[in-house]
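I have placed the structure first, in the form of structure tokens, so that the comments after it can refer back to it.
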Amino acid sequence: MELAKAYNQLLQRVQAACKRVGRNTSDIRLVAVSKTVGTDIIRQAYELGIRDFGENRAQDLRDKAGLLPGDINWHFIGHLQTNKIKYVAPKAVLIHSLDSWELACAISDYCEKHNLTVQALLQVNASGEVSKYGVPVDRAEKIFLRIYKELPNIRLRGLMTMAPLTEDESVIRQTFRKLKQLQEKLETRIPIGSLDILSMGMTHDFEIAIEEGSTMIRVGTALFGTRRR
Ligand SMILES: *Cc1c(COP(=O)(O)O)cnc(C)c1O
């Protein structure tokens, strides 16, 4: 499908989902997941007005950021190995996939050395699947607060999760609900408004995510078509 048409359809679906639950479309930020997508296509998306793109490989983010307009907001959404922090920290506006205390410490060390701060989300394994990255729900509060209090170079903005790949809508909904509940719990422990991002929802499930309180959806396939690798 043509990109402009796919984008329009996506925006309409976002709007419809918002309407169902009385939310404002301006409260939902779209991150166009451009992993495996070439810079020519990303440029087309940029021409349509998209400014937020998500990559899951560190070198790809660095390379694409070097080739494309400077006003693009690059989001890192993949598992980050400590030796690749250097590719991501200087370029990413938001790291969605902060998934352990150890990684947080390594990012913090890098930032201290280079006089940087990064914004990040704590990735939570809200579905409990063993295959998923992210901190377990029952440890998330403690790890979040520790990063929040002890690592000033990391500005934690909220939480991210991935739902299981299933046709069972209630399972997906429960996963997103858990993340929302965790956000509400954390908001009683830190200053109001400082935990404002809930990154949840992909092509398969972004409408459910919006209904459950997502503020940031990460959509690849619905925009760019099915990936090859
Ligand atoms: C690939 C990916 C997405 C986008 O998935 P689609 O199903 O193509 O929309 C979102 N989030 C993460 C973490 C991903 O790796």
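A few comments on the model shown:
- Test: residue in segment 116-125 that is of a type in the set (Gly, Ala, Ser) and surrounded by fewer than 23 Cβ atoms within 10 Å (Cβ to Cβ): no
- Within segment 140-177, being surrounded by 18 or more Cβ atoms within 10 Å (Cβ to Cβ) and over 30 Å from residue 109 (Cβ atoms) holds for 163, 172, 175, 176.
- Filtering segment 203-224 to residues that are surrounded by fewer than 19 Cβ atoms within 10 Å (Cβ to Cβ), of a type outside the set (S, T, N, Q) and within 9 Å of the ligand (Cβ to nearest atom) leaves only 204.
- Among residues of segment 187-202, those that are more than 16 Å from the ligand (Cβ to nearest atom) and either among the hydrophobic types (A, V, I, L, M, F, W, C) or surrounded by 24 or more Cβ atoms within 10 Å (Cβ to Cβ) (or both), counted: 3
- Test result for residue 139, of a type in the set (Lys, Arg), more than 19 Å from residue 21 (Cα to Cα) and under 16 Å from the mean Cα position of the chain (by Cα): no
- Of all residues in segment 16-56 being under 12 Å from the mean Cα position of the chain (by Cα) and among the charged types (D, E, K, R), the one that is nearest to the ligand (Cβ to nearest atom): 55
- Some residue of segment 103-111 being in contact (Cβ under 8 Å) with a residue 60 or more places away in the chain and within 16 Å of the ligand (Cβ to nearest atom): no
- Condition check for residue 172: in a helix (DSSP H, G or I) and within 17 Å of residue 217 (Cα to Cα): yes
- Among the residues of segment 55-67, not a single one is among the aliphatic types (A, V, I, L, M) and either within 17 Å of residue 159 (Cβ to Cβ) or free of Cβ contacts under 8 Å to residues at least 24 places away in the same chain (or both).
- Taken over segment 195-229, the criterion of being small (Gly, Ala, Ser), farther than 11 Å from residue 161 by Cβ and touching a strand residue (DSSP E or B) at 6+ places or on another chain (Cβ under 8 Å) is satisfied by 213, 220.
- Here the helices (runs of 4 or more DSSP H) wholly within segment 1-77 that include at least 3 residues being among the β-branched types (Val, Ile, Thr) are 39-47.
Read the figures in this text as sums done on the coordinates, not as results from a lab. These numbers were taken from a predicted model, which means no experiment stands behind them. Note that we place each Cβ from the backbone using ideal geometry, even for glycine, and neighbour counts take in every protein chain shown.
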